[in-house]
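The structure under discussion appears below in the form of structure tokens.
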Amino acid sequence: MQKVFFIIGARASGKTYYINHHFADKDVEILDIYDYQQRAYDEAGFRKEIPIETKFRCMKKANEMHLHDIIEKLKQGKNVVAEQTFYKAKRRIAYIDEIRKAVDVEIEVYVMYPSDEQWKDNIQKTELKSGFKAFKQEVSGLVFPNPAEGFDNIFTVTDGVITRRTDPADVSILAEAREEREKEDEQIIKEDEAYRKRKALLESMNNRPFWHYCEVCEKKEYITAQEAFHRGWDYPPQMGSFGLLSQRKCGECGIADTLWWKIQTSGKLPIVVESELTDTELMTWKRIKGEPESLLNEEAE
């Protein structure tokens with residue numbers, strides 16, 4: 001029977017070292033989640049600074065690609081070593097459920113549990129930016145694997161010593177983990193739908209008429225973006241972006257009287273402090289934050 005070996009643990013806990021020293025001379029396919037994460041980030045157009053919500057989606061996509069390749073390799077008759085972090089039971093069960101559906105296989109998991117001294121030494125050798133305390137805090141979120149999740153064997157690896165765990169199966173883990181996954185999937189569906197609706201709304205602003213408010217002279221016109229541009233308005237989407245501070249004025253007024261100019265020339269950090277705004281400026285700022293929805297219906301006088 002084929003096998004899947006999951007090697008899991010925190011960063012710098014020794015996963016790659018263990019794989020290189022225990023599987024390098026064996027006929028296995030080694031699939032590292034890190035490679036899939038980097039591919040997902042690249043495909044999303046990010047390499048360094050990644051927004052939190054984007055990072056979560058990239059991680060989810062990376063897991064899907066990783067799982068897909070594990071199953072494909074197993075179907076080809078190969079044994080697989082999969083490097084992962086796998087802190088949460090819901091992540092592990094998502095893999096195991098799909099693997100069990102696809103192939104008849106034995107699944108083992110090795111949890112890297114280095115001593116503090118070994119971990120500190122690993123961090124120093126790999127020259128990671130975060131310190132030991134940060135990694136220790138990170139691994140505190142690890143929910144230890146349980147046989148009920150679908151593992152045939154569970155081991156800990158501490159400074160090279162491999163110990164087989166014989167914990168009793170806790171089936172309550174399954175219901176809780178699957179419920180968490182369902183809620184997570186439902187939330188993603190809602191976010192995707194909200195994103196699609198907002199994207200459609202923003203695209204529609206190129207052609208539909210909407211209210212243009214001059215923050216300087218208080219003139220207002222219900223016109224399209226193209227009409228506004230030809231009349232000299234400084235307004236998204238032709239000038240600036242909806243929801244971001246820039247001038248909102250007609251073609252007859254100057255930029256020096258706009259909120260954007262005040263913020264940029266204040267000599268302070270270019271951020272809006274609402275308590276320092278006049279009533280008129282606060283109205284402009286709230287309108288900008290609420291764009292484009294705030295421009296679809298005329299404001300009450």
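A few comments on the model shown:
- Filter result (touching a helix residue (DSSP H, G or I) at 6+ places or on another chain (Cβ under 7 Å) and either open to solvent by 20 Å² or more (accessible area, probe 1.4 Å) or more than 24 Å from residue 137 (Cα to Cα) (or both)) within segment 15-38: 29, 30, 31, 36, 37
- Residue 141 being among the small types (Gly, Ala, Ser), exposed (fewer than 15 other Cβ atoms within 10 Å of the Cβ), out of contact with any Phe, Trp or Tyr (no Cβ under 8 Å at 6 or more places or on another chain) and touching a residue at least 40 places away in the same chain (Cβ under 8 Å): no
- Of the listed requirements (1) surrounded by fewer than 17 Cβ atoms within 10 Å (Cβ to Cβ); (2) on the phi < 0 side of the Ramachandran plot; (3) at pLDDT below 90; (4) not aliphatic (A, V, I, L, M), residue 87 misses just one: (1).
- Pairs, first open to solvent by 50 Å² or more (accessible area, probe 1.4 Å) in segment 147-173, second of a type outside the set (A, V, I, L, M, F, W, C) and part of a loop (DSSP other than H, G, I, E, B), C-beta under 7 Å, six or more apart: 158/113; 158/114; 158/115; 159/114; 159/115; 167/146; 169/146; 170/146
- Top-ranked residue of segment 108-130 - restricted to ones that are in a loop (DSSP other than H, G, I, E, B) and of a type outside the set (Ser, Thr, Tyr), ranked as modelled with the highest pLDDT: 114
- Flag if residue 45 is of a type outside the set (Lys, Arg), in contact (Cβ under 8 Å) with a residue 12 or more places away in the chain, out of contact with any Phe, Trp or Tyr (no Cβ under 9 Å at 6 or more places or on another chain) and on the phi > 0 side of the Ramachandran plot: no
- With respect to the stated conditions, residue 177 is among the small types (Gly, Ala, Ser) and either assigned to a helix (DSSP H, G or I) or open to solvent by 80 Å² or more (accessible area, probe 1.4 Å) (or both).
- Checking residue 71 against (1) outside any helix (DSSP H, G or I); (2) without any contact (Cβ under 8 Å) to a residue 40 or more places away in the chain; (3) touching an Asp or Glu at 6+ places or on another chain (Cβ under 7 Å), the condition it does not meet: (1)
- Looking only at residues in segment 263-294 that are farther than 30 Å from residue 197 by Cα and of a type in the set (Gly, Ala, Ser), the one that is surrounded by the most Cβ atoms within 10 Å (Cβ to Cβ) is 266.
Here is a yes/no grid of residues against (1) assigned to a helix (DSSP H, G or I); (2) under 23 Å from residue 198 (Cα atoms); (3) among the acidic types (Asp, Glu); (4) at pLDDT below 95:
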{"site": "217", "(1), (2), (3), (4)": "no, no, no, no"}
{"site": "222", "(1), (2), (3), (4)": "no, yes, no, no"}
{"site": "228", "(1), (2), (3), (4)": "yes, yes, no, no"}
{"site": "238", "(1), (2), (3), (4)": "no, yes, no, yes"}
{"site": "242", "(1), (2), (3), (4)": "no, yes, no, no"}
{"site": "246", "(1), (2), (3), (4)": "no, yes, no, no"}
{"site": "252", "(1), (2), (3), (4)": "no, no, yes, no"}
{"site": "261", "(1), (2), (3), (4)": "yes, no, no, no"}
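- Residue list for segment 48-66, restricted to those being free of Cβ contacts under 8 Å to residues at least 24 places away in the same chain, closer than 16 Å to residue 181 by Cβ and more than 11 Å from the chain's Cα centre (by Cα): 64
- Residues in segment 186-217 that are surrounded by 11 or more Cβ atoms within 10 Å (Cβ to Cβ) and more than 30 Å from residue 249 (Cβ to Cβ): 188, 191, 192, 195.
- One residue from 99, 7, 93 being surrounded by 18 or more Cβ atoms within 10 Å (Cβ to Cβ) and touching a Ser or Thr at 6+ places or on another chain (Cβ under 9 Å): 7
The values are calculated or read from the model by the stated rules, or taken from the named source; none is laboratory data. On a predicted model such as this, the values are computed, not experimentally measured, just so you know. Neighbour counts run over all protein chains shown; Cβ positions are idealised from the backbone, glycine included. Side chains are part of the model used for accessible areas, which takes the heavy atoms of the whole protein and leaves out ligands, DNA and RNA. Shrake-Rupley method; radii C 1.70, N 1.55, O 1.52, S 1.80 Å.
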